[in-house]
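The values are calculated or read from the model by the stated rules, or taken from the named source; none is laboratory data. Since the model is a prediction, treat every value here as computed from it, not as a measurement. Backbone-built Cβ (ideal geometry, glycine too); neighbour counts: all protein chains shown.
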Amino acid sequence: MQTSSRPIGVFDSGVGGLSVLAALHAQMPHEQFIYLGDTARLPYGTKSAQTVERYALQIADALVARGVKALVVACNTASATSLPAIRQRHAQLPLIGVVEPGAQAASAVSRSGRIAVIGTEATVSGGAYQRAIVARRADAIVTAVACQLLVALAEEGWTEGVVAREATLTYLSPLFHTPQASRPDTLVLGCTHFPMLRSVIGQAVGPQVEIVDSALTTAHATHQMLQREGLLSQQTDAAAPTLRLLATDSTARFAAIGSRFLGRAIAASDVELIDV
């Protein structure tokens, strides 16, 4: 099989990364994808960096064994902790995470340099977004807040209504309901679940705040990476399968929740149960 016709591997701790997969497929409709959700061991966001790195390496190994031509780490927590280890083990594999593209976009669009990041506990405490933004923009003032409850709300489908609005306001009001001089003008959605809550997040921060969706920025960056490497597929056969879904536990739950993130119906029979 020609390298360019091989699939792109995408992984997350669960179904949140399907929002990244949807953006990737929209950006590159002729590509084939293998998505692996490590649903047996989620969430990654509350685990230690060492544990997440170990899981991420196992997932990367499983996807490389299935012949992927590139790997997208569609998990903010794994991107923040595990990219160096994956690069070391699979040095020839084109690799991209969601943190760097999001940091690049935020640095470019912020007018004042005051940037907020919301993510899981591990993503925020690890400081990957903070470092990546400041590396690109020395004048940046980055504030990061862990919003773990929003992950659960997204998975439950509670993305509108009183509960979603109040939870979002509780997290974001201390940042955005402040004097103008100290208020961030850009917000990075540093978790793949958070685009599901974009409407209530937008209401909480106001229309003057730029919202950076790491799914969209990662899809664009992945396209550029594959183009540089000469790995973009020339496949135009609409009948060819474009997506293979893998999970490490509960294919029925993966399908039920994942359908919302992917933006199209998934049947449990479409998901292959694997052990890593």
* Which of the residues that make up the range 167-183 are over 17 Å from V109 (Cβ atoms) and either assigned to a loop (DSSP other than H, G, I, E, B) or in the same structural domain as L21 (by TED's automatic domain parsing) (or both)? -> H177, T178, P179
* Asked: Do you know which residues across the range 128-149 are in contact with a strand residue (DSSP E or B) (Cβ under 9 Å, 6 or more places away or on another chain), free of Cβ contacts under 8 Å to residues at least 24 places away in the same chain and small (G, A, S)?
  -> none
* Asked: If G230 satisfies every condition in (1) surrounded by 20 or more Cβ atoms within 10 Å (Cβ to Cβ); (2) at positive phi but one, which is the exception?
  -> (1)
* Asked: For residues in the range 39-54 being in a helix (DSSP H, G or I) and in contact with a helix residue (DSSP H, G or I) (Cβ under 7 Å, 6 or more places away or on another chain), which is farthest from T123 (Cα to Cα)?
  -> E53
* Name the residues in the range 129-159 that are under 28 Å from R260 (Cα atoms) and aliphatic (A, V, I, L, M), would you? -> A144, V145, A146, L149, L150, V151, A152, L153, A154
* Grab the strands (runs of 3 or more DSSP E) fully contained in the range 80-166, keeping just those with 1 or more residues being within 17 Å of the chain's Cα centre (by Cα), of a type outside the set (A, V, I, L, M, F, W, C) and modelled with pLDDT of 95 or more. => 95-97
* Asked: What's the number of the condition T77 fails, among (1) in contact with a Phe, Trp or Tyr (Cβ under 8 Å, 6 or more places away or on another chain); (2) assigned to a helix (DSSP H, G or I); (3) outside the structural domain of T222 (by TED's automatic domain parsing)?
  -> (3)
* Structure fact -> Among P241, P195, P184, P207, the single one that is over 13 Å from the mean Cα position of the chain (by Cα), of a type outside the set (G, A, S), modelled with pLDDT under 95 and farther than 21 Å from G67 by Cα is P207
* Structure fact -> Among (1) buried (at least 24 other Cβ atoms within 10 Å of the Cβ); (2) in contact with a Ser or Thr (Cβ under 9 Å, 6 or more places away or on another chain); (3) within 18 Å of T217 (Cβ to Cβ), C147 falls short only on (3)
